[in-house]
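The numbers here are math on the coordinates, done by the rules we state, and not lab data. Keep in mind the model is a prediction, meaning the values are calculated, not measured. Glycine also receives a Cβ, built like all others from the backbone with ideal geometry; neighbour counts cover every protein chain displayed.
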Amino acid sequence: PEKLANLTYRAVQNRKRTLIPGLSNQLFATLGRYFPHLTETLMRKMIYDKLQGE
């Protein structure tokens, strides 16, 4: 929580509108911007596999 609070504080200080914490989250956000269909397919598979594991 403290790390996220620091990231949020820095984002506010730098007047950033968007904060995407975590490298994997940033990667998926970038992929989604350039390859939306591929990203949707990957996310569906990841979520489906996670639900099947429960």
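For the pair Met46 and Leu31, label points projected 7 Å from Cα toward Cβ lie 0.6 nm apart. Put simply, the convex hull of the Cα atoms in the chain casts, on average, a shadow of 5.0 nm².
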